[in-house]
Amino acid sequence: DQQVKQNSPSLSVQEGRISILNCDYTNSMFDYFLWYKKYPAEGPTFLISISSIKDKNEDGRFTVFLNKSAKHLSLHIVPSQPGDSAVYFCAVLRGNEKLTFGTGTRLTIIP
Amino acid sequence: ETGVTQSPTHLIKTRGQQVTLRCSSQSGHNTVSWYQQALGQGPQFIFQYYREEENGRGNFPPRFSGLQFPNYSSELNVNALELDDSALYLCASSYPTGRELFFGEGSRLTVL
C-alpha cells in the first residue's frame, strides 16, 4: 500500500527553464508535506515544506503547491540550475507520526 | 553547529552476522529516527527514539533494534543479517517540536 507516489522516476530539464516535480498521496489526513533533495553519497537535505492549511509556499527559486482536493503536491524550481541535479523525494506527515517518503524523482539539469 | 554524523560510512557483512550502526544527533535535537533506503526506493521508517525510549516503529522485524543514549546519540543493531538488508541506513534527528528531519550521510551496508 503505497501512500505516497512519485510517478516520474526521472526528469530532464534545460538550464534556466522551470522544473516541475510531482507527488500524489492517498490519505487526506496528512497535514504536513515536505520536499527533500538528495545528492549521491549524501543524506537527504530538507528543502521546503507546506502545511495543509496553505496551498502555496515559496522560498527563493523553490515553490511548493498543494492541491488538497486532488491530493497532489508539486515542487517548482525556476530557473533551474546545474546544481539542482539530484534525486527529489516528497514526504508526508500526519500529526506526530513518522515521515512517509515517495520513491523519488531523479532531476537532471542540462547545461 | 554540528550536523548529524553516522559511522561507519560503508561496511560489508555476510549473511547471519550482526551489525551496529552509530549516529550522533545534531546539537539541540533530542529525537532520532532511523530509515532504510533500498536501491531505487524512498527511505522507509524503521523506528524513532525520544529521550532514550522507542517512540514508534515501522514494519521491520524484531532483529532490528536500537538504543538512544543520554547524549541523544543512537545505535541501530541488526541481527541475523539477510541479503535483503543491503541498503543505505539513514539516521535523522529533529528538534523536540520540529517536523523537519535532518539526515546524516548514511551508512551503506552490503550483505554478501
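Ignoring aspartates and glutamates fewer than eight residues from A:K54 along the same chain, the ones with Cα atoms less than 14 angstrom from its Cα are A:D31. With a cut-off of 17 Å on the backbone N, the residues of segment B:45-60 near the modelled label site 7 Å out from A:N96 along Cα-Cβ are B:47-58.
In chain B, taking the dipole from charged Cβ atoms about the Cα centre, the farthest positive-side position among B:G104, B:T31, B:Q18 is held by B:Q18.
Let's test the formula: R0 of 45 Å, r as the Cβ-Cβ distance of B:T14 and A:I53. What FRET efficiency results, to the nearest 0.05? Working from the Cβ atoms, E equals 0.35. A Förster radius of 25 Å combined with the Cβ-Cβ distance from B:E82 to B:E53 puts the calculated FRET efficiency at roughly 0.35.
Prolate is the label for chain A. Its Cα gyration tensor axes, ordered a ≥ b ≥ c, give a/c of at least 1.5 and a/b above b/c. Computed from backbone phi, the HN-Hα couplings of segment A:101-111 come to 9, x, 7, x, 10, 8, 9, 10, 9, 8, x Hz, rounded to whole numbers (Karplus: 6.51 cos²θ - 1.76 cosθ + 1.60, θ = phi - 60°; Gly and Pro given as x). In this simple spin-label model, placing a label point 7 Å from the Cα along the Cα-to-Cβ direction at both A:K68 and B:S27 gives a separation of 3.9 nm.
Bear in mind these aren't lab numbers, they're just calculated from the coordinates by the rules spelled out. Values in this document were obtained by computation on a predicted structure and should not be read as measured data. All Cβ positions, glycine included, derive from the backbone under ideal geometry; neighbour counts span all protein chains shown.
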